[in-house]
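Before any comments, here is the structure.
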Amino acid sequence: WRVDPRGVKKLLGDARDAGVTDLVAHFNRHPELFELAMDSIIIAEVNDLTVQLFGGRSSLDFIRPIRSYWKARPDTLRRVIGARYRGLPQYTEETQVCGIDGRVVDVVMSMAFPPPHDIDGDCLVGMIDITDRRQAETQLRELQDEFARSARISMLSELTASIAHELRQPLAAITTHGDATVRWLSATPPAVDRALKGLESISRASDRAGAIIQ
């Protein structure tokens, strides 16, 4: 893409005269200036691959203010203009660009700026379609999430089995001591001392079971 930025020359000059050093923050404080910038920067020329990628019929479809291409990610455009304002030679970012056909395309965008003294020079923009890569990354994240869910389920199953194993011992002790206590109390004469010891053992096993559950 060849971009004609001369429409914002006065806007940027006014910002410099006002002592603005951070143009992005300045745009955030004065959104009306950013709106003006989006309407003042013009696409001057694009190649055939751009027409194919962004759903145009011919390169003439693209000759318009830059606003329509950045509806999905105006923040990128703010940073691009800010980079030019700081005198950087180029700026690169992964972002999203709106096509002529309404699709939003994931791209790596790299913009080369003219030298700082050439305030009327055009900017050149290159874009690489990374839609497939983004889709692959999304699928990978979904797969990782599924693995994480499976791991949590597996861990929960192991924990459940471990708790069940630990509970079997005190519950078996409660049953054993309970049966023995009944026999000692049913004896003639009742073996009260043994029965009391049996009840104490039941109490200890109950406490242990409660501690395991806690």
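The values are calculated or read from the model by the stated rules, or taken from the named source; none is laboratory data. Computed from a prediction, not measured in an experiment: that's the story for all the values here. Here the Cβ is made from the backbone with ideal geometry for all residues, glycine too, and neighbour counts use every protein chain on show. In case anyone asks, the SASA skips ligands and DNA or RNA and just uses the protein heavy atoms, side chains included. Shrake-Rupley method; radii C 1.70, N 1.55, O 1.52, S 1.80 Å.
Conditions (1) touching a residue at least 24 places away in the same chain (Cβ under 8 Å); (2) open to solvent by less than 40 Å² (accessible area, probe 1.4 Å); (3) farther than 22 Å from Ile130 by Cα, marked per residue:
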site	(1), (2), (3)
Val8	yes, yes, yes
Ser59	no, no, no
Ile63	no, no, yes
Trp70	yes, yes, no
Tyr85	yes, yes, yes
Gln96	yes, no, no
Gly99	yes, yes, no
Val104	yes, no, no
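Restricting Gly121, Gly126 to residues that are assigned to a loop (DSSP other than H, G, I, E, B) and open to solvent by less than 50 Å² (accessible area, probe 1.4 Å) narrows the list to Gly121.
If you go through the stretch 36-55 and pick out every residue that is open to solvent by 20 Å² or more (accessible area, probe 1.4 Å) and either in contact with a helix residue (DSSP H, G or I) (Cβ under 8 Å, 6 or more places away or on another chain) or in contact (Cβ under 8 Å) with a residue 12 or more places away in the chain (or both), you end up with 10.
Helices (runs of 4 or more DSSP H) fully within the stretch 1-63 that include at least 3 residues being charged (D, E, K, R) and within 32 Å of the chain's Cα centre (by Cα): 31-40. Note on the stretch 106-116: residues that are assigned to a strand (DSSP E or B), under 19 Å from Arg2 (Cβ atoms) and either open to solvent by less than 10 Å² (accessible area, probe 1.4 Å) or of a type outside the set (Gly, Ala, Ser) (or both) total 4. A Cβ distance below 7 Å, combined with a sequence gap of six or more or placement on separate chains, defines the contacts here; from the stretch 177-193, residues that are under 17 Å from Ser203 (Cα atoms) and part of a helix (DSSP H, G or I) reach residues that are open to solvent by less than 80 Å² (accessible area, probe 1.4 Å) and hydroxyl-bearing (Ser, Thr, Tyr) in the pairs His177/Ser201.
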